[in-house]
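The values are calculated or read from the model by the stated rules, or taken from the named source; none is laboratory data. All figures in this text were calculated on a predicted structure; none of them were measured in a lab. Neighbour counts are summed over all protein chains in view; Cβ atoms, including those assigned to glycine, are modelled from backbone coordinates with ideal geometry. Surface areas here come from the heavy atoms of the whole protein model, side chains and all, with no ligands, DNA or RNA. Shrake-Rupley method; radii C 1.70, N 1.55, O 1.52, S 1.80 Å.
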Amino acid sequence: MVTHSEQGIGYHLIADSSVLTNNKPFFVPDFAPAFILHAGIAVRIHRLGKTIAERFAPRYYQSLAACGIVEATGVEGNPFDARFTAFDGAFFLGEWHQKEVLNAESGIAVEVMSANSLADTSATISFADINREIAQASAYFTLKMGDILVLGTHTAGHPLSIGEHISATIGGEQSLTIRIK
C-alpha cells in the first residue's frame, strides 16, 4: 500500500502496480491526451503504529526518496478518480536515502530535472511536516512496515513528453532517473 497525502488529510491509495522503480522507463499510456508529473517526497514507514503522537513520529521512519505522481489530464470525469493517478507505472519511486544524510536545515527539497534544466515541478518539506502527516495518517490508518507516505505532490506539474529523461534529487542526493517512452 502506498498512502498519498496533500496538505492536511487528503489521502489516495495507490496500487502496487502503479509503482515504477528507478531506471525502468515510463511508457505513456494512450487513454489520455496529456500526462503531468508532480514531484514529491516518499517517506518509508519502518514500524507498526496507530494513533502516533507527532513528537514520536520520527521513530517511525528512517529513509526518504524523491518520487513523482503522474496525473492523466484532458479526460472527462472526476480528477480525484484513481484511474487518473493510480494506473500502471504512474508513481515514480527513487532510491532511498537515510534521513540523517539529507541536508534539512531549510527543509528537504526534491528537484526534478528534464534535459539538464530544472523542470516545472519541485517540492520542499520539513521534518516537522513529515511528523505532522504521520500523526494525522495514523489517526485513520494503521501504519505498517513498508508503507509509503507521499508528501508534497500538490506542486505545479511538469508535462511529460515522449523521449524525455527525468531525474530527481532529494536533499541534493541523486535519487531518481526515468526515461519517458
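Below are the figures for this structure:
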item: Filter result (touching a residue at least 40 places away in the same chain (Cβ under 8 Å), assigned to a loop (DSSP other than H, G, I, E, B) and out of contact with any Ser or Thr (no Cβ under 8 Å at 6 or more places or on another chain)) within region 47-78; result: R47, A53, G74, V75
item: From the options T142, T124, T153, residue that is in contact (Cβ under 8 Å) with a residue 24 or more places away in the chain, among the hydroxyl-bearing types (S, T, Y), crowded, with 21+ Cβ neighbours inside 10 Å and closer than 27 Å to T51 by Cα; result: T153
item: Residue within region 92-111 that is over 21 Å from S17 (Cβ atoms), open to solvent by 60 Å² or more (accessible area, probe 1.4 Å), in a helix (DSSP H, G or I) and at pLDDT below 85 present; result: yes
item: Residue within region 35-48 that is under 22 Å from G94 (Cα atoms), more than 19 Å from the chain's Cα centre (by Cα) and not hydrophobic (A, V, I, L, M, F, W, C) present; result: yes
item: Any pair with Cβ under 6 angstrom, 6 or more apart, that starts in region 24-46 at a residue that is open to solvent by 30 Å² or more (accessible area, probe 1.4 Å) and ends at one that is β-branched (V, I, T) and at pLDDT 90 or above; result: V28/I162; R44/I148
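Condition check ((1) part of a helix (DSSP H, G or I); (2) more than 19 Å from I69 (Cα to Cα)) across all residues:
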site	(1), (2)
R132	yes, yes
A135	yes, yes
F141	no, yes
G146	no, no
L149	no, no
A156	no, no
I162	no, no
I166	no, no
R179	no, no
